[in-house]
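Here is the structure we will look at, set down as C-alpha cells.
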Amino acid sequence: MAKIDDGIHILQGLLVFGNVVIGMCGIALTAECIFFVSDPHGLYPLLEATENDDIYAAAWIGIFVGFALFALSILGIVGVIKSNRTLLLVYIILMLITYAFEMASCITAATQRDFLTPNLFLKQMLERYQKSETVNNNDKWMTEGVTKTWDKLMLQNQCCGVRGPSDWQEYMSAFRITHSDADFPWPRNCCVMDAQGSPVNLDGCKLGVPGYYNSNGCYDTISGPMNTHAWGVAWFGFAILCWTFCVLLGTMFYWSRIEY
Amino acid sequence: MCSHWVVLAFCCLGQLCADQSLKPRIAAPHLATNNPTLTTVALEKPFCMFDSSLYPNKSYVIYLYAMKESASAISSLVTDNSSKPLDSTFQQTSGGQLGPYKAALFKVPSCASPPKLADVGDINKVSAVLKQYLFRVGDDGTCLYDPNFLAVCNPPLAPDTTYRFKYVLLDSTEGIMKDQTLWSDPIKTRRVKLPLKIDTWPGRRSGDMIVITSILSVLVFLLLAGFLASVSSAVMGSDSSAETRCMSQTIQQSEPRPQLSSE
C-alpha cells in the first residue's frame, strides 16, 4: 500500500511540475506572438499585398493559445492536487481543444513560410511599387503599403530591389511606366543619400558608378525577420506541444486511476 | 622614285592602321556598371583619336552621330558632297532608322591631361570626371517635346535595338569635316521581361514543415487514442465495481434469511 501511495504522490508531483512548465511556456508563447504581431520591422504591408499573410494568423492564434495554456495549467494543478475527477476531465477536454488550435498554428506558420520566395517579392514589387492606376480602394491601399515599405526598406538598409538594382533594368514594372529609364534607371532611394536625403551624385547613381548607388538586394532584410517570425511560432509551439503531450497522457492515466 | 612609292605605301598603310583601331568605345564597365540601359548608352569621349589632324591655331568641335544598325543598308553617310557634316535630327531620321542623326556636339577632349578615373571616389570631383570622360547618349527625355529647344537633341534610344556611333572632327570656322572615326561595333540596348512571367511557385516543401506536420499528427492521434482508452477503462471500471457492490449486497441479504427461518 505504501508503495502505491508513493507512486501516486510521485505521479502527482510530476503532473504538477509539468503543468507549471506548461503555464510558463504559455505566457512565453503569448509574449513572443504579441512581439511578432506588433511587426517591429514594418514588413506586414508586403505580406498583405501578396495575400499570403497567414504567418500573422498563426501568431494571432498563438497569443490566445498561450493564454489558454496558462489558465488551463492552473486548473490542472488544482485538479491534480485535489484529485477531483470532474476538474481533471474538464481539464483534459479543454486541453485537447487547445492542443488542436496550437497544432493548427504551428503547421500554418511552417507551411506559409515556404511560400515566401524571392520571386514572390520581386513580382509584387514590380507590379505594385509606385503603381499609378489603381482600380479600387483595396488595390490603392495595398499599393500605398508596398510603396511606403519599399521606400523605407531601401533607405534604411541601403539596398535596392530584391536581388539587386538590375531587377529594375531586367523587368518591366509599374514604376517604369511613369518614370523614364533615362532619368530613373532605378528608384531614387537606390542612390546613396547624403544627410539631407538627396542623392550624393545623381549622374553617378544613374550610370551605376560604384559608391553612388546601392548595389545589394533587399531580400536578406526581408527574409530574416520573416524567418524568425515563422520559425519562432512553429518550433516553439511544437516544443510546447511535445511537452503537453506527455503531461496530458500522464493526466489521463492519473484520471483513470482515481476512485470516486 | 622607288623610295617615293615606299613612303606613299607606308603612309597609306599607316592611315589604314590608325583608322582600323579608332572607333567609339563604350565607357569602362568597371566605372559605369549600368551600361547600356534600356534607352541609354554611355560612350567614352574620343581621347587622342584625332590628334594627328589637329592644327594648333584652329578651333575644332566634335560631333557624335548615332544610327540604328538596320539603317546602314539605307545610308550611313554623315557628310554631304562638300564634306559638310549632316544636320539630321532624331525626328528627321525616325530615331536613327533612316540614317545617322546628330546626337551631340562637344569640344575636343584633351589628350595631354585625360581625366583620372580614380578620382571618381571623391564626391567633389566625380561630376567633373564623369563629364570629362564619357557622354551618355539618350540622356535627355524632354527635348523632343519642348518646342523652344534649340540645341542638339539627345532623346532616349529604343530598347532592344542595336545602334552604331561615330565621332566626326569638324573645323568650326570652315564648317568642314576634317576627320572621322569608323562606325563603332554594334551596341545593343537592353530588353525587358514581363513580370507576369515570373514564376512564384515555391517548389518542394521544406523539411521543417514535413517534420512538424507529421509528428504533430501522430501525437494528436495518440492523445485521442489515450483519451478513449482512459474513458473506456473508467467506464468499465465503474461497471465492474457496481457489479461487485450489487453482488456483495445480495450476499449480505441472503445470509440473514436462514437465521430467521431457523427461529
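The values are calculated or read from the model by the stated rules, or taken from the named source; none is laboratory data. In this text the structure is predicted, and so the values were computed from the model without any measurement. Cβ sites come from the backbone with ideal geometry, for glycine too, and all protein chains shown count toward neighbours. In case anyone asks, the SASA skips ligands and DNA or RNA and just uses the protein heavy atoms, side chains included. Shrake-Rupley method; radii C 1.70, N 1.55, O 1.52, S 1.80 Å.
Given the conditions (1) of a type outside the set (G, A, S); (2) away from every other protein chain (no Cβ under 11 Å); (3) open to solvent by less than 20 Å² (accessible area, probe 1.4 Å); (4) outside any loop (DSSP other than H, G, I, E, B), which single one is not true for B:P109?
Exception for B:P109: condition (4).
Yes/no per residue for (1) of a type in the set (F, W, Y); (2) crowded, with 21+ Cβ neighbours inside 10 Å; (3) touching a strand residue (DSSP E or B) at 6+ places or on another chain (Cβ under 7 Å):
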site	(1), (2), (3)
B:T39	no, yes, no
B:C48	no, no, no
B:S59	no, no, no
B:E69	no, no, yes
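What number of residues within segment B:145-167 are closer than 14 Å to B:G96 by Cα, open to solvent by less than 60 Å² (accessible area, probe 1.4 Å) and in a loop (DSSP other than H, G, I, E, B)?
7
Checking A:A109 against (1) of a type in the set (A, V, I, L, M); (2) under 22 Å from A:L14 (Cβ atoms); (3) touching a residue at least 40 places away in the same chain (Cβ under 8 Å), which single condition isn't satisfied?
(2)
Go through segment B:198-216 and give me each residue that's facing chain A (nearest Cβ under 8 Å) and within 22 Å of A:Y99 (Cα to Cα).
Passing the criteria: B:D208, B:M209, B:I212, B:T213, B:I215, B:L216.
Which count do you get for residues in segment A:201-235 that are open to solvent by less than 60 Å² (accessible area, probe 1.4 Å), hydrophobic (A, V, I, L, M, F, W, C) and more than 7 Å from chain B (Cβ to nearest Cβ)?
Residues in segment A:201-235 being open to solvent by less than 60 Å² (accessible area, probe 1.4 Å), hydrophobic (A, V, I, L, M, F, W, C) and more than 7 Å from chain B (Cβ to nearest Cβ): 6 in total.
Under 22 Å from the mean Cα position of the chain (by Cα), at pLDDT below 95, open to solvent by 20 Å² or more (accessible area, probe 1.4 Å) and closer than 21 Å to B:P195 by Cβ: which single residue out of A:F115, A:F184 fits that description?
A:F115
Go through (1) assigned to a helix (DSSP H, G or I); (2) touching a helix residue (DSSP H, G or I) at 6+ places or on another chain (Cβ under 7 Å); (3) touching a residue at least 12 places away in the same chain (Cβ under 8 Å); (4) not hydroxyl-bearing (S, T, Y) and name the single condition A:V78 misses.
It fails just one condition, (3).
Consider segment A:118-143. How many of its residues are without any contact (Cβ under 8 Å) to a residue 12 or more places away in the chain, surrounded by 14 or more Cβ atoms within 10 Å (Cβ to Cβ) and away from chain B (no Cβ under 14 Å)?
Of segment A:118-143, the ones without any contact (Cβ under 8 Å) to a residue 12 or more places away in the chain are A:119, A:123, A:133-141.
After this cut, where a residue has to be surrounded by 14 or more Cβ atoms within 10 Å (Cβ to Cβ) as well, the list is A:119, A:123, A:134, A:139, A:141.
Adding the requirement that they be away from chain B (no Cβ under 14 Å) leaves A:134, A:139, A:141.
Qualifying residue count, segment A:118-143: 3.
Filter segment B:168-212 for residues that are among the acidic types (D, E) and part of a loop (DSSP other than H, G, I, E, B); which is modelled with the lowest pLDDT?
Pass one, segment B:168-212, residues among the acidic types (D, E): B:171, B:174, B:179, B:185, B:199, B:208.
Okay, now just the ones that are also part of a loop (DSSP other than H, G, I, E, B), so B:174, B:185, B:199.
Details: B:E174: 86, B:D185: 92, B:D199: 91.
Step by step, filter segment B:168-212, then rank; the result is B:E174.
Looking at segment A:66-95, which of its residues are modelled with pLDDT of 95 or more, surrounded by fewer than 15 Cβ atoms within 10 Å (Cβ to Cβ) and within 14 Å of chain B (Cβ to nearest Cβ)?
Passing the criteria: only A:I93.
Which residues, taken from segment B:176-197, are under 21 Å from B:L157 (Cβ atoms) and either facing chain A (nearest Cβ under 8 Å) or β-branched (V, I, T) (or both)?
B:T181, B:I187, B:T189, B:R190, B:V192, B:K193, B:L194
When you check B:S76 against the structure, is it open to solvent by less than 60 Å² (accessible area, probe 1.4 Å) and in contact with a strand residue (DSSP E or B) (Cβ under 9 Å, 6 or more places away or on another chain), yes or no?
yes
Kindly establish whether B:I74 is of a type in the set (V, I, T) and within 29 Å of B:T162 (Cβ to Cβ).
In short, yes.
Tell me which residues, restricted to segment B:112-141, are open to solvent by less than 50 Å² (accessible area, probe 1.4 Å), more than 10 Å from every other protein chain (Cβ to nearest Cβ) and in a helix (DSSP H, G or I).
B:D119, B:Y133
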